[in-house]
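As structure tokens, the structure follows; a few thoughts come after it.
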Amino acid sequence: MGATISTLAGNYPPEKCSPASNTSRRHDDLMANSNRTMQTSTGTEDVEEIASWIQGKLSEMPPPPSHECSIFRVPNGLRRHNEKAFVPQVVSIGPFHHENKELKGMEKIKLWYLKCLLNRAPAEETVVSLVCLVKAVGSTEQDCRESYAEEVDVPRKKFIEMMILDGCFILEFLCRYQKDLMAIRGEEALVPNTSWMPRKILTDLLLLENQIPWCVLDCLFNLMPYLKTESCSRLDDLVSSSLSKYGMFPPSARSSQNHKHLLDCFRNCLVIGRKCLVHLERNPGPSVTECLQSGYRFVAAEGENILNFEVEDNKIIKMAAIVIEENTESTFRNLIAYEHCDPSKGYNITYYAARMYWLIKSPADALHLKETNIIQIGLSNEDIASFLNQAL
């Protein structure tokens, strides 16, 4: 035992300390104790200051997004393949791209469209007043703000003005687009009357980040009874009849769901009568070429909804025809982004794009679907294959 203790002690002899060294050591101990006391005191002050600083930051934080939000920023992971597909090219709608300087030229056209919309009232009807519009839209302000997934840092007056101008622009545009009358006599210098402009605007109106709440459009539409006709008595009718000129939109589709915005209306009309797909299959399927090699045949299915797909017992694959145009990629990407931002919607559009991605792996696959009239018009075989392979 003695040897063990000796080993732990290091076999050092006891140190002989002089009185002077003892005095010096006591002085050092006193200074160390004093420093520790000061550090403890300062530490307490620092703790309170840091806690107060963090509390201040917490107080400045906006409230969490409402569960009712439906207008989102597209996540970076989805936009990295094609940033342009999510950014308006002609007109900004709502707050997310309102400060885009490249789109400021359309603000004058919005004012002109507001004037035209108000002047649509027949002589025997009273023109709705701007005061009436401001009161009605102003009463929905809080609901509108909660529709956005992030805080909208826009003053009340500016926000209400934005909702009215953007909403009236959309209604006037849809009224014109429905009748193929984009520019009327006398306004040629203000409103561009090119063949491509209406399609560009319509594409911008279907961007996830470029939306205003449906309640604003519905409010404005109902305040202007002269916009209603026998075949267009609801806002849904006006929107659907205008979107029916869009290649992938089912022409006669009318959804009874409560829409959140234009993109949501577009999606609701595509998924009518379909079960909500809450899980997304990731297992790759066979390509068109592989299906043909296994004895399957592809046939264009009857019906106007692009989601129609059926595999029959006799090895016939029936698929609805789809028109792929220049703006089809943008619309698909924004529908997919919308489903990923709000999983409660389901993944019906994402699954459709995934199925097409599995089927079309080469220009030869695209060519066969074109020859069977499943894919129509638009892009080259190479562009179709490239588009579908980049859509997800």
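The values are calculated or read from the model by the stated rules, or taken from the named source; none is laboratory data. All values derive from a computational prediction rather than experimental measurement. In this analysis, Cβ positions are derived from the backbone assuming ideal geometry, glycine residues included, and neighbour counts consider all displayed protein chains.
So that you can scan it fast, the table gives a plain yes or no per residue for (1) among the aromatic types (Phe, Trp, Tyr); (2) touching a strand residue (DSSP E or B) at 6+ places or on another chain (Cβ under 9 Å); (3) surrounded by 14 or more Cβ atoms within 10 Å (Cβ to Cβ); (4) within 24 Å of Asp204 (Cβ to Cβ):
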residue	(1), (2), (3), (4)
Ile50	no, no, no, no
Lys108	no, no, no, yes
Lys135	no, no, no, no
Thr140	no, no, yes, yes
Ser147	no, yes, yes, yes
Pro155	no, no, no, no
Ile160	no, no, yes, yes
Next on the checklist: Taking the criterion of being assigned to a helix (DSSP H, G or I) and modelled with pLDDT under 90, would at least one residue in segment 81-88 satisfy it?
Outcome noted: no
Checklist outcome for this item: All conditions in (1) among the charged types (D, E, K, R); (2) closer than 28 Å to Ile201 by Cα; (3) in contact with a strand residue (DSSP E or B) (Cβ under 7 Å, 6 or more places away or on another chain) are true of Lys318 except (2)
Checklist outcome for this item: Sole miss for Val131 among (1) assigned to a helix (DSSP H, G or I); (2) within 24 Å of Asp264 (Cα to Cα) is condition (2)
